[in-house]
């Protein structure tokens, strides 16, 4: 098995981009999900509510973030000195506002007043203690530092989606791309689809990871990232084949056991 691709998302719930290599920190990949968007009331806004956010790409050059999108010229972001506390899925986290220019740029894209916030200290937010250790930390990802998927599992899911469509007398859709599931690392060369469900520990290159739990999926996976419209898949088919405890599952969540470096092509070992 080997590491097939690496992807990170500087701004939570916006477009990500692939890289050939990445530094791994205890809270996730370097630069991954250090920014998020809030609405006018200071509540997290995601592409679940505003799919147009997926048209925004945040590009990092050192500590400088540049916003690019189809609606305006690129904008370099400079965090201001103003801080506020944002509820990040049940945990209050102090974040730094990124100023009025970034707010106007993103508000035009989102079609409503929003603010961009920055997590200056990525060691500030703890992992859910039900699945992590007291000193485990996560940036602004939903719950855990990294998400892993496998090419074998996506292949099986795409086959199931075609079967579902044919059974319903529908035109089979094209295969779903992996980026619909927003993984950080994709593993190639896995013998069996969904083998990752049973993994407890693994090593990518020279970095060891703990598996916390399988990843339950939401409607964000149903948004077409070219049209920004919602469909039925993959939730419809996952509900049929991967339903447990009233949720649907695809991928696994990881916590690094220490810092390190990973690169596409690195060997992957199950420990």
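The values are calculated or read from the model by the stated rules, or taken from the named source; none is laboratory data. Note that the structure is a prediction, hence the values are computed from the model and not measured. Heads up, the Cβs are rebuilt from the backbone with ideal geometry, glycines too, and the neighbour counts pull from every protein chain shown.
Odds and ends about this structure:
- Which listed residue, of 237, 229, is surrounded by 15 or more Cβ atoms within 10 Å (Cβ to Cβ), in contact (Cβ under 8 Å) with a residue 12 or more places away in the chain and either on the phi > 0 side of the Ramachandran plot or in the same structural domain as residue 189 (by TED's automatic domain parsing) (or both): 237
- Selected residue [within 23 Å of residue 48 (Cβ to Cβ), touching a strand residue (DSSP E or B) at 6+ places or on another chain (Cβ under 7 Å) and not in a helix (DSSP H, G or I)] from 252, 187: 252
- Listed by position, the strands (runs of 3 or more DSSP E) contained in the stretch 64-156 that have at least 3 residues being in contact (Cβ under 8 Å) with a residue 24 or more places away in the chain, in contact with a helix residue (DSSP H, G or I) (Cβ under 7 Å, 6 or more places away or on another chain) and farther than 30 Å from residue 203 by Cβ are 72-77, 114-118.
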